[in-house]
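Asker: Dumping the structure here so I can ask a few things about it.
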Amino acid sequence: MGSGKVTVVALLLCLAVGVIAEDPYLYFNWSVTYGTVSPLGVPQQGILINGQFPGPRINCTSNNNIVVNVFNNLDEPFLFTWNGVQHRKNSWQDGTPGTMCPIMPGQNFTYRFQVKDQIGSYYYFPTTALHRAAGGYGPINVHSRALIPVPFDINPADEYNVFVGDWYNKGHKTLKKVLDGGHTVGRPDGIIINGKSAKVGEAKEPLFTMEAGKTYRYRFCNLGMRSSVNVRFQGHPMKLVELEGSHTVQNIYDSLDLHVGQCLSVLVTADQEPKDYYLVVSSRFLKQELSSVAIIRYANGKGPASPELPASPPDNTEGIAWSMNQFRSFRWNLTASAARPNPQGSYHYGQINITRTIKIVNSMGQVNGKLRYGLNGISHSDTETPLKLVEYFGAADKTFKYDLMADEAPADPSKLTVAPNVKNATYRNFVEIIFENHEKSIRTYHLDGYSFFAVAVEPGKWSPEKRKNYNLVDATSRNNIQVYPNSWAAIMLTFDNAGMWNLRSEMWEKTYLGEQLYFSVLSPGRSLRDEYNLPDNHPLCGVVKGMPLPAPYKA
């Protein structure tokens, strides 16, 4: 064979290998157990993963395949969700009670999913009962692929995950009994940083160590139950570089509000006198401020941290205006590459016609003498059989009714109906969702399976003419949005990810008592191009157990 023919054959073989090659796989084995934790000095039952609280980090790269074998060694059913991971075509792995049968005590289940075309800071946490109040959460860091540039001025020397939020000294089972009894869990007892709490002057080991002259990436997530927080470093400004999977315009902040369920990344440069400094986390919009500190140490530094802490932002009506203005300062970096080489700003969301407006008003009320929360008058209740399963098996009519919740709130949304809350969404429609909060406490909402454009947050009530105030150019693409007291927020997205997807309050008390719904996004083609089939290892329960499998989707 001539050398030219050999070259052609070799090239064809290389192309063939390139076609069939899969993205890398990362494997994890996790044992979920109870263990004694004392974040605020009071021993209680926590939930550990491989003996850790917070749990182990999933450190991966865009398009990696993640395989997590979870052994449930608790005495209760258990599920993980992967907050912010979009699970393209694969709501089977989303880990909510509406999509999966729980992992029963003494059993295991293997999650398999891909972080397809994503980068950023995410996390996992338990969606069953009040397990989130006991821990069971940890970070998911998704890095850009090697050939795609990251828009940082400097390559960070290291990156640190910081989980902050409020904490209750009552155990998760006690909190669940309080809610089941029709009462609120009330005010939290303190603020924790990576499972610990400290006061100024206490002798504590450093949370992290920095070397003078180097820059570090801090990934913050608020995994509390109800409280927004403010984070700030003593003597060190923060450069915001990423917000829930989007590279941002790199503004400098002395402090940042972080609402429940939200994540962001900042760069911090160790350019001060080498000694100890405090990281300060304090609650926002509570009647009595709660706070905690952690020590950030310079390697070979000398001297304790100063007891004079950087001031927190105002915490009244003026504080809400301050926080709103900070939200408006968050901008999408239009020139940065996303998970793919194309610029983030190549998707011109502001030029797409809106096909549907859904206006959602949250409320609270009493049902049979017990506290419930709802959206547009519907307080969601989980079903014995996951919603996705009964829909897939063609048995939805045995379990729930679609569209009990209207696209507009009723005259009195506090009159609540307790039922499974499932809304139909037309595949690939571009929609606008308005959240209107008439109450005195802040809300945050998360949508599984998607990122959306957070185009506006304003005081008062929404009306169509408010659209002129939308940011239709460089609003950040994210998965979580805050709604301030007596205010509204607007988001836009395309329902282009087939599946059953949970929209929920990130305040877990409110989620548990009904402030959530599911969007059913069905592809009319029933094609593998749009959605994966039921996985072979997916457990069956409830009314579908023993039913014949439906005909599978085809390519």
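The values are calculated or read from the model by the stated rules, or taken from the named source; none is laboratory data. This is a predicted model, so every value here is computed, not measured. Using ideal geometry, Cβ is built from the backbone for each residue, glycine included, and neighbour counts are taken over all protein chains shown. All accessible areas refer to the heavy atoms of the entire protein, side chains included, with ligands and DNA or RNA removed. Shrake-Rupley method; radii C 1.70, N 1.55, O 1.52, S 1.80 Å.
Asker: Translational diffusion coefficient of segment 92-227 at 20 °C, 1.002 mPa s, Stokes-Einstein with Kirkwood Rh over Cα pairs, in µm²/s as a whole number.
Answerer: Working: Rh = 18.3 Å.
Result for D is 117 µm²/s.
Asker: Something else about it: Using a 1.4 Å probe, what is the accessible area per residue for segment 157-289, in Å²?
Answerer: Numbers: 4680 Å² over 133 residues.
Accessible area per residue, segment 157-289: 35 Å².
Asker: Within segment 47-168, what whole-number % of the accessible surface is contributed by carbon and sulfur, with the 1.4 Å probe and all protein chains included in the calculation?
Answerer: On the way: 1640 of 3460 Å².
Accessible surface attributable to carbon and sulfur in segment 47-168 totals 47 percent.
Asker: Also, I was wondering about something else. Which net charge results for the neighbourhood of residue 551, defined as the other residues with beta-carbon distances under 14 angstrom from its beta-carbon, given Lys and Arg at +1 and Asp and Glu at -1? Please list the in-between numbers first.
Answerer: Values: positive: 526, 554; negative: 531.
Residues close to residue 551 contribute a combined charge of +1.
Asker: With labels modelled as points extended 7 Å from the Cα through the Cβ direction, what inter-label distance (nm, one decimal) is found for residue 50 paired with residue 528?
Answerer: Computed distance between label sites residue 50 and residue 528 equals 3.3 nm.
Asker: Something else: Which aspartates and glutamates, if any, have their Cα less than 19 Å from the Cα of residue 170, not counting same-chain residues under 8 positions apart?
Answerer: Answer for residue 170, where 19 Å is the Cα cut-off: 75, 76, 180, 189, 509, listed by chain and number.
Asker: Next up: How high is the relative contact order of segment 63-128? Use alpha-carbon pairs under 8 Å, at least six apart in sequence, and give a whole percent.
Answerer: On the way: 128 pairs, mean separation 33.3, N = 66.
Once normalised by length, the contact order is 50 percent.
Asker: With a point put 7 Å past each Cα toward its Cβ, work out how far residue 458 is from residue 408 in nm, to one decimal.
Answerer: The answer from the label model is 1.9 nm.
Asker: Set the Förster radius R0 to 35 Å, insert the Cβ-Cβ distance between residue 368 and residue 340 as r into 1/(1 + (r/R0)^6), and round the FRET efficiency to 0.05.
Answerer: Given R0 = 35 Å and the Cβ-Cβ separation, E is 0.10.
Asker: Here is a further query. Can you return the aspartates and glutamates within cross-link range of residue 545? Criterion is Cα-Cα under 15 Å, with same-chain partners fewer than 8 residues away left out.
Answerer: Result set, ordered by chain and number: 384, 391, 536.
Asker: Give the long-range amide H neighbours of residue 429: residues separated by 5 or more places, or on another chain, with amide H under 5 Å away, using H modelled in the peptide plane at 1.01 Å from N.
Answerer: 495
Asker: Going by amide H atoms built from the backbone, whose H comes under 5 Å of the H on residue 379, apart from near neighbours?
Answerer: HN-HN under 5 Å from residue 379: 417, 418, 419.
Asker: Amide H neighbours of residue 162 under 5 Å, at least 5 residues apart or on other chains, H built in the peptide plane: list them.
Answerer: Hits under the 5 Å cutoff: 219, 220, 221.
Asker: Would you mind checking segment 342-385 for residues with the amide N under 20 Å from a putative spin-label position 7 Å along Cα→C-beta of residue 429?
Answerer: Residues 349-361, 375-378 fall inside that zone.
Asker: With the contact rule set at Cα under 8 Å and sequence spacing of 6 or more, what percent relative contact order holds for segment 183-266? Don't skip to the answer; put the middle values down first.
Answerer: On the way: 100 pairs, mean separation 25.5, N = 84.
30 percent.
Asker: For residue 381 and residue 27, compute 0.36 nm times the residue count separating them, minus their Cα-Cα distance, and round to one decimal in nm.
Answerer: Values: separation 354, 0.36 × 354 = 127.44 nm, distance 3.41 nm.
Extra length available between residue 381 and residue 27 comes to 124.0 nm.
Asker: While we're here: Applying 1/(1 + (r/R0)^6) with R0 = 60 Å to the Cβ-Cβ distance of residue 202 and residue 75, what FRET efficiency is obtained, to the nearest 0.05? Walk me through the intermediate numbers first.
Answerer: Numbers: r = 35 Å, r/R0 = 0.58.
According to the calculation, E is roughly 0.95.
Asker: Let me ask you something else. Per DSSP H run of n ≥ 4, the term is -39500 (n - 2.57); total these for the chain, divide by its residue number, and report the mean residue ellipticity at 222 nm rounded to 500 deg cm²/dmol. Spell out each step's value before the answer.
Answerer: Working: 5 runs with 51 residues, N = 555.
Rounded to the nearest 500, it is -2500 deg cm²/dmol.
Asker: Below 14 Å Cα-Cα, how many Lys pairs turn up in segment 381-423? Only count pairs eight or more apart in sequence, or on different chains, if you could.
Answerer: On the way: 388/398; 388/401; 388/423; 401/423.
Number of lysine pairs found: 4.
Asker: Another one. Please state the charge dipole magnitude for segment 337-465, taken about the Cα centre, from unit charges on C-beta atoms (+1 on K and R, -1 on D and E), reported in debye and rounded to the nearest 20.
Answerer: 160
Asker: Over all directions, how big on average is the projection of the convex hull of the alpha-carbon atoms in segment 346-492, in square nanometres? Before the final figure, lay out the partial values.
Answerer: Details: hull surface 39.9 nm².
Over every viewing direction, the Cα hull of segment 346-492 projects on average to 10.0 nm².
Asker: Sticking with this one: Suppose each label sits 7 Å from its Cα in the direction of the beta carbon; what would the residue 112-residue 353 distance come out to in nanometres?
Answerer: Rounded to a tenth, the inter-label distance reads 4.2 nm.
Asker: Separate question: Could you tell me the distance between the Cα centroids of segment 79-157 and segment 262-313, to the nearest Å?
Answerer: Using only Cα atoms to place each centre, the spacing works out to 28 Å.
Asker: Once the Cβ-Cβ distance between residue 153 and residue 275 is put in as r, and R0 is 22 Å, what FRET efficiency do you end up with, to the nearest 0.05?
Answerer: Details: r = 25 Å, r/R0 = 1.16.
Here the calculated transfer efficiency is 0.30.
Asker: So what's the projected area for the chain, the Cα convex hull averaged over all directions, in nm²? All intermediate terms of the calculation are to be shown ahead of the outcome.
Answerer: On the way: hull surface 116.1 nm².
Seen from a random direction, the Cα hull of the chain projects 29.0 nm² on average.
Asker: Given a cut-off of under 8 Å on Cα pairs at least six residues apart, what relative contact order in percent is computed for segment 367-493? Spell out each step's value before the answer.
Answerer: On the way: 208 pairs, mean separation 33.9, N = 127.
It comes to 27 percent, rounded to a whole number.
Asker: Next question, about the same structure. Over segment 408-542, with every protein chain in place, what whole percent of the accessible area is carbon and sulfur at 1.4 Å, could you tell me?
Answerer: Numbers: 2270 of 4420 Å².
Ligands and nucleic acids excluded, carbon and sulfur reach 51 percent.
Asker: Enumerate the calculated ³J(HN,Hα) couplings along segment 283-299 in order (Karplus 6.51 cos²θ - 1.76 cosθ + 1.60, θ = phi - 60°), each rounded to whole Hz, writing x wherever the residue is Gly or Pro.
Answerer: Calculated HN-Hα couplings, in order: 6, 10, 6, 9, 4, 10, 5, 10, 8, 8, 10, 9, 8, 10, 10, 7, 4 Hz.
Asker: Also: If you consider only alpha-carbon coordinates, what radius of gyration and Dmax does segment 164-294 have, in Å?
Answerer: 16.3, 55
Asker: Between segment 426-479 and segment 484-555, what's the alpha-carbon centroid distance in Å?
Answerer: So the two Cα centres are separated by 20 Å.
Asker: Sticking with this structure for a sec: What are the ³J(HN,Hα) values, in whole Hz, obtained from phi via the Karplus relation 6.51 cos²θ - 1.76 cosθ + 1.60 with θ = phi - 60°, for each residue of segment 268-275 in sequence order, with x given for Gly and Pro?
Answerer: For segment 268-275, the Karplus curve yields 10, 9, 7, 10, 10, 4, x, 6 Hz.
Asker: Provide the per residue accessible area, probe 1.4 Å, for segment 362-491, rounded to a whole number of square angstrom. Mind showing how you got there, number by number?
Answerer: On the way: 4900 Å² over 130 residues.
For segment 362-491, the solvent-accessible area averages 38 Å² per residue.
Asker: Which entries of 466/510; 199/510; 287/468; 440/510; 199/287; 196/275 show an alpha-carbon separation above 24 angstrom in the structure shown? Could the numbers behind the result be given before it?
Answerer: Details: 466/510 28 Å; 199/510 30 Å; 287/468 35 Å; 440/510 14 Å; 199/287 20 Å; 196/275 21 Å.
Distance filter (> 24 Å) returns 466/510; 199/510; 287/468.
Asker: On a full-extension model of 0.36 nm per residue, what is the gain between residue 184 and residue 417, subtracting their alpha-carbon distance, rounded to one decimal in nm?
Answerer: Details: separation 233, 0.36 × 233 = 83.88 nm, distance 1.90 nm.
Gain on stretching residue 184 to residue 417: 82.0 nm.
Asker: Per-residue HN-Hα couplings for segment 134-149, Karplus 6.51 cos²θ - 1.76 cosθ + 1.60 at θ = phi - 60°, whole Hz, x for Gly and Pro?
Answerer: Listing the rounded values in order: 10, x, x, 10, x, x, 10, 9, 10, 8, 6, 5, 4, 7, 9, x Hz.
Asker: Starting with the highest mean, order 293-303, 145-155, 178-188 by the number of other Cβ atoms within 10 Å, averaged over the residues of each peptide.
Answerer: Details: 293-303: 17.1, 145-155: 12.0, 178-188: 15.1.
Highest mean packing first, the order is 293-303, 178-188, 145-155.
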